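Down below is the structure, laid out as structure tokens.
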Amino acid sequence: MIHIRRFTKTLFLDSDIDPPRRRFNRDWLQMKKEIDNISMSTDRSCNLDAIIKASRLLAGNDDEQPGHLVCLTDGNVFYPRKEFPKMLNKLTCMPATLHILTLGPLQKLEPATSLAQVVEKTIANGKRASLKRVEAQEVDTAARKLFVDEFAPMTTKLVLGKLSSEMVLHPRPPGVLDQNNAMSVVGFIPIKHLSGPPIDSNHQIIPEAINQEEPHLVILLIHALLQPQKIDRKLALVKIGDRFGLIQAHEKDDAHKWLTFSLFYPGDMPLPWMGSFDSMVFADSSAKQDYPLVDDFAKRRSYSTPTIVWSKDNWIIADLQKAHRTAKKLPDKQAAFYKEVNRISRACCVYSNDSVLEGLIWDDK
Amino acid sequence: MSSISSKTVIVIDKSYYMCRRVQHALNVDSIVRGNVDEGYVQKSPTVYQSALQSLTEYCRIVWDIFGSERRFLFKTFYKNRTKTISNWNNQGMDYLRDTLRRSAQNSPNAKDIDASQQIPKYTHLKNVIEDSLKDLAAKSQKEEVEKKSETGRILVFTYATEENLEVQSNQWRKDLTSSIEKINANARTNGLVELDRVEIVIIDIKNEKVINTDLKILADEKLFKLEVTHVEAGGSENGKEWQLTDRVVDLATQHHRLMRTMISGIPMKEEQTSGGGGSVNYEVPFLHPQLGKSTEMVDLRWNTPKIDASQLRACCSAVRISPLEVNSRHSDCLTKYLSNGRRSVLLSCKDKVTHMLACNGGDIYLHKLSTPFTPQEPPSLENAPGGFRHDYRVNDLVSLINKHTLYPSQTGATGAVAANKAALEQFTRVFPLVNSESALYSMSGTQSVDKILQIVPKSTLSETEQFELRAAAQDLIEKELKKEPIPWSSGSLGGKPPKKDEQYKILWSELKILFEAHIDNSPAHKAITDTIFAARGRPDEPKEVAMEVDVPEIDKDQNFNTEEVPSKSIFDCFLEMDSKKPKRPRFYGQVMGRDKVQLYPFLGGESDQVDNMRKDGSDNIENKKTLDAVNKKLMKNNMPPKIDHGPVDPRSRAQRRDDTVQRRGDADNVQRRGDVQDIQRRGDQAEGRNFNQDPRQMHRNIREKWK
């Protein structure tokens, strides 16, 4: 998507105009042909509008890996100042990582401030975004750097205590830019306690080594994680940079086995029912407690405790009918009857509504 | 910057106007007795009671989903005075119920009509909102807190006597702006956090039908947004519409960005008494935050509760839920089913399994499933570096994994990641990946080596562990002295194993590396390392004398046998044990000599009778008494039992050693049997086997013969 200002050349590629021709594909030759055939026009349009439209192409599909939106622009925004905040509010859900590359020097401060607000808004909504100014002669270097930082497979080390081996993660984990970030194993978690953890992205681990005959930690880890029975298997909890993730071993048959790395969402507690990963301990620790971790507030949820909600008449009706049913079974269901009556009387005290209890008492007379 | 939904002030009007009863009463009698016409007991709640019930519902939904992340502060206002009845620290439905119960003592009173009418409603509300703004403003210093500004929401449940609150929107704008600016100026002076953006909603509750219940914006400024909505308290005439409750639930959905989802097709068994014996499908609606990237509402269908716990489901998002009708039977049934057994249920949308309901840690979560990440062409292990090897120390790594399994912490103290990494580093200081080309790790599986590998990496050594280490080292020294072979493995690379002496040199050098890597763990580690390697001596001259091992003290008065006990081999020990065992009669086939029990000695051939007597002597068994008497006499006289063809005890036949048993009528078989026995006897003599002599001597003879 290319947008260049009118005073040099105005060029706008609107995906709404050419939807049949604009499809995601991996055919580089076809894409090169399309880029070479981009038509020039004198349209004055806004790059923010284009960003919002382009982001819609990446929205709505949770099955796939999060995508990237690269915007090449001269940085000019044509919206009136008063309408810009309203347009900015439309950026509530950027489904991908946003990269804005401004080509050439920025002539006015205003566009830079506007684009910076776009980046800030995207980051505030929990996604990654960046804004870079690129001179004309540095375009090639900038493009290569963008590719290496965001798209190229990441070569890093898997570290387990004093053991380490080289490996490649593909595709690259988002937000982990530093090549020096090794993936360190923090401990191991039984698979039966995880219960569908929400994952940000998944990556395949490919072992790398100069000497193909040397033993490799990734291979040993594959065998060790697959050896126990399925129900007793464990996953390795790892930390890369400031993000946590899981390493899981898979097998199709005896010859085909591999490791995958799943990256959690940012934060120390991506799984509330496991507690903070930064406070998990080994079995020999005195502070250890068994799974699952029950939040204090969990015991007070409305579905875990006897809750009386009388905001609608049929809910009052249900409670009264229940008390009436137990009253019919007296003296056998005496305990249940008193339990219901006490519950209703407590609710009457809370809502200052004694009429309900009076009605129940009158009938019982 | 904090979220605008993180703090909410709820204000409840307690003026006279809130005493008014709702329009449509609840016929308790019809419920209890079933008489619709005779409305003997008709009770209408007041507007105040309806307000309490609806705000409780608002708080319940928010607390179910967000817990203590979303905080509420409750205030009441009466006679132009606002009173705070709770605090920011205590949250939860139980606390709210206690708070409302305590404040129920000062419910709106019909006698207070004069006091309520003295001050215009607009003034009341303005004062209330200004007080609430002060409660929202933080009292923390800017440097102490991370956030740069404070924000929040104010909900006012009131009965606005003036119908035209909307007309006064300019007045609202002016007054509220100046109030917020005053508060911020004060905050700037005192170095406190300023107010940034506040949302104010006035819920005007009527006791009559309201046609237009939409939310109207009275002012939308940079610092605040003011909205008002008019709703009717209680139910509508047809009993199907509850404007106040629906509006409050909508506000909760809008303010906290919730979505409504329905689960249908839930099979629940009806009670027998209600006439239905089978299961009926129910629907349960609930609220939850946005799940994943999609904001589209979905209807989910019950799929299956049978989920394999060993399979990790790929999910992209998981959020807590709050049942919309928590009181209803089917909603209660579903939540109890999930939370009591900590079960998980798969849900499908358009015939595809897309979601999962699971109880995790007491909370019910809705998970959105994603497509599992599987490569189109799974990689082959053999093509990977080191993938073709089969000598990995898998069992050792499995035991390391089991020792370093993570658990939640009771204290919740952070910083455990660094400690856990340090613990892993300690146990992997010396940890070869393979056991080939190694003496020490080739022997893993033996007791002594396993003990060493398990105990040495520990942080501290108890006395028992030190004793075990010394015993394990002693065992290795003895093995070296006896030159026992080490199960050397060359792995997949092949190659000839080194000589035994060389293997033990490698073993001790590897042990030295292991011990020295952990020598700084504790003083006990250093001491045990010095002890073991001092006792072992030089690698090329292992000491033959056994290392001193701590043994319990012996009683000095006890007499010991001072005779020299010759050294014994293990074979001698087994022989000795064998000789001590009582001799048991052996089966015919086991014994090579003549000393054996004969079950059916004369059975064989065409006839089992000789001289009108049964070959197996069973006829004589029937005359047991007679036979016993005869044999007794013979034994008295030191004579062998009678072996004549007369009445002979067949049991004694088994003990006969007479080689000249003559059996008439079966001479061929007897001869054949005698020939076989002769051959066997000759064979025994040739081999040196004589089962009549001491077994130890017999085995020595055999060994000498075969030397």
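The values are calculated or read from the model by the stated rules, or taken from the named source; none is laboratory data. It should be emphasised that the depicted structure is a prediction, and the values quoted were computed from it without experimental measurement. Please note: Cβ atoms are built from the backbone with ideal geometry, for glycine as well, and neighbour counts cover all protein chains shown.
Have a look at B:457, B:372 and point out the one that is under 19 Å from residue A:191 (Cα atoms) and touching a residue at least 40 places away in the same chain (Cβ under 8 Å). It is B:372.
The strands (runs of 3 or more DSSP E) falling completely within segment A:228-304 include none with 1 or more residues that are at pLDDT below 85, touching a strand residue (DSSP E or B) at 6+ places or on another chain (Cβ under 6 Å) and β-branched (Val, Ile, Thr). Would you confirm whether any residue within segment B:479-502 is within 14 Å of chain A (Cβ to nearest Cβ), of a type in the set (Phe, Trp, Tyr), surrounded by 14 or more Cβ atoms within 10 Å (Cβ to Cβ) and touching a residue at least 40 places away in the same chain (Cβ under 8 Å)? Within segment B:479-502, not a single residue is within 14 Å of chain A (Cβ to nearest Cβ), of a type in the set (Phe, Trp, Tyr), surrounded by 14 or more Cβ atoms within 10 Å (Cβ to Cβ) and touching a residue at least 40 places away in the same chain (Cβ under 8 Å). Touching a residue at least 60 places away in the same chain (Cβ under 8 Å), β-branched (Val, Ile, Thr) and over 28 Å from residue A:98 (Cβ atoms): does that describe residue A:189? Judged against the criteria, residue A:189 is a match.
Each row is one residue, and each column tells you yes or no for (1) buried (at least 21 other Cβ atoms within 10 Å of the Cβ); (2) among the hydrophobic types (A, V, I, L, M, F, W, C); (3) in the same structural domain as residue A:171 (by TED's automatic domain parsing); (4) in contact with a Lys or Arg (Cβ under 8 Å, 6 or more places away or on another chain).
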{"site": "A:211", "(1), (2), (3), (4)": "no, no, yes, no"}
{"site": "A:214", "(1), (2), (3), (4)": "no, no, yes, no"}
{"site": "A:220", "(1), (2), (3), (4)": "yes, yes, yes, yes"}
{"site": "A:226", "(1), (2), (3), (4)": "no, yes, yes, yes"}
{"site": "A:231", "(1), (2), (3), (4)": "no, yes, yes, yes"}
{"site": "A:245", "(1), (2), (3), (4)": "yes, no, yes, yes"}
{"site": "A:251", "(1), (2), (3), (4)": "no, no, yes, yes"}
{"site": "A:259", "(1), (2), (3), (4)": "yes, yes, yes, no"}
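The residues on offer are A:167, A:154, and the sole one that is buried (at least 16 other Cβ atoms within 10 Å of the Cβ), within 14 Å of another protein chain (Cβ to nearest Cβ) and closer than 21 Å to residue A:211 by Cα is A:167.
When the residues of segment B:173-205 are narrowed to those that are among the hydroxyl-bearing types (Ser, Thr, Tyr) and loosely packed, with under 12 Cβ neighbours inside 10 Å, which ends up nearest to residue B:4 (Cα to Cα)? Within segment B:173-205, the match that is nearest to residue B:4 (Cα to Cα) is B:178. The residues of segment A:188-205 that are of a type outside the set (A, V, I, L, M), within 7 Å of another protein chain (Cβ to nearest Cβ), at negative phi and under 21 Å from the mean Cα position of the chain (by Cα), listed by number, are A:197, A:198, A:202, A:204. For segment B:361-394, the candidate set comprises residues that are exposed (fewer than 13 other Cβ atoms within 10 Å of the Cβ) and within 7 Å of another protein chain (Cβ to nearest Cβ); within that set, the residue that is nearest to residue A:202 (Cα to Cα) is B:371. Scanning segment A:153-204 for residues that are at pLDDT 90 or above, touching an Asp or Glu at 6+ places or on another chain (Cβ under 9 Å) and hydroxyl-bearing (Ser, Thr, Tyr) yields a total of 2. So, in segment B:309-358, of the ones that are touching a helix residue (DSSP H, G or I) at 6+ places or on another chain (Cβ under 8 Å), charged (D, E, K, R) and part of a loop (DSSP other than H, G, I, E, B), which residue ends up nearest to the other protein chains (Cβ to nearest Cβ)? Going through the qualifying residues, I end up with B:325.
Taking segment B:25-137 and the helices (runs of 4 or more DSSP H) fully enclosed by it, the elements with 3 or more residues that are more than 30 Å from residue A:306 (Cα to Cα), modelled with pLDDT of 65 or more and touching a strand residue (DSSP E or B) at 6+ places or on another chain (Cβ under 9 Å) are at B:121-136. Applying the criterion of being within 7 Å of chain B (Cβ to nearest Cβ) and in contact with a Leu (Cβ under 7 Å, 6 or more places away or on another chain) to the residues of segment A:234-243, the residue that is surrounded by the fewest Cβ atoms within 10 Å (Cβ to Cβ) is A:237. For residue B:423, the criteria (1) under 25 Å from residue A:211 (Cβ atoms); (2) of a type outside the set (Lys, Arg); (3) in contact with a His (Cβ under 8 Å, 6 or more places away or on another chain) hold in every case but one, which is (1). For residue A:282, the conditions (1) touching a residue at least 60 places away in the same chain (Cβ under 8 Å); (2) buried (at least 20 other Cβ atoms within 10 Å of the Cβ) are fulfilled apart from (2). For segment B:375-396, a residue qualifies if it is outside any loop (DSSP other than H, G, I, E, B) and touching a residue at least 12 places away in the same chain (Cβ under 8 Å), and the qualifying residues are B:392, B:395, B:396.
Is it the case, given these coordinates, that residue B:413 is of a type in the set (A, V, I, L, M), under 19 Å from residue A:164 (Cα atoms) and free of Cβ contacts under 8 Å to residues at least 12 places away in the same chain? Taking the combined requirement at face value, the residue does not satisfy it. Against the criterion of being in contact with a strand residue (DSSP E or B) (Cβ under 6 Å, 6 or more places away or on another chain) and either within 30 Å of residue B:236 (Cα to Cα) or at pLDDT 90 or above (or both), residue B:4 does not qualify.
With respect to the conditions (1) among the small types (Gly, Ala, Ser); (2) surrounded by fewer than 18 Cβ atoms within 10 Å (Cβ to Cβ); (3) farther than 19 Å from residue B:428 by Cβ, residue A:195 falls short on a single one, namely (2).
Taking the numbered list (1) more than 13 Å from every other protein chain (Cβ to nearest Cβ); (2) more than 46 Å from the chain's Cα centre (by Cα); (3) surrounded by fewer than 21 Cβ atoms within 10 Å (Cβ to Cβ) in turn, residue B:254 passes all entries but (2).
Return the total of residues in segment B:445-478 being of a type in the set (Ser, Thr, Tyr) and either part of a helix (DSSP H, G or I) or surrounded by 18 or more Cβ atoms within 10 Å (Cβ to Cβ) (or both).
Counting residues in segment B:445-478 that are of a type in the set (Ser, Thr, Tyr) and either part of a helix (DSSP H, G or I) or surrounded by 18 or more Cβ atoms within 10 Å (Cβ to Cβ) (or both) gives 2.
Among the residues of segment A:319-336, those identified as surrounded by fewer than 20 Cβ atoms within 10 Å (Cβ to Cβ) and either under 30 Å from residue B:24 (Cβ atoms) or among the hydrophobic types (A, V, I, L, M, F, W, C) (or both) are A:321, A:322, A:324, A:325, A:326, A:327, A:328, A:330, A:335, A:336. For segment B:206-238, the set of residues classified as within 14 Å of chain A (Cβ to nearest Cβ) and either over 30 Å from residue B:300 (Cα atoms) or surrounded by fewer than 14 Cβ atoms within 10 Å (Cβ to Cβ) (or both) consists of B:220, B:221, B:222, B:225, B:231, B:232, B:233, B:234, B:236, B:237, B:238, listed by residue number.
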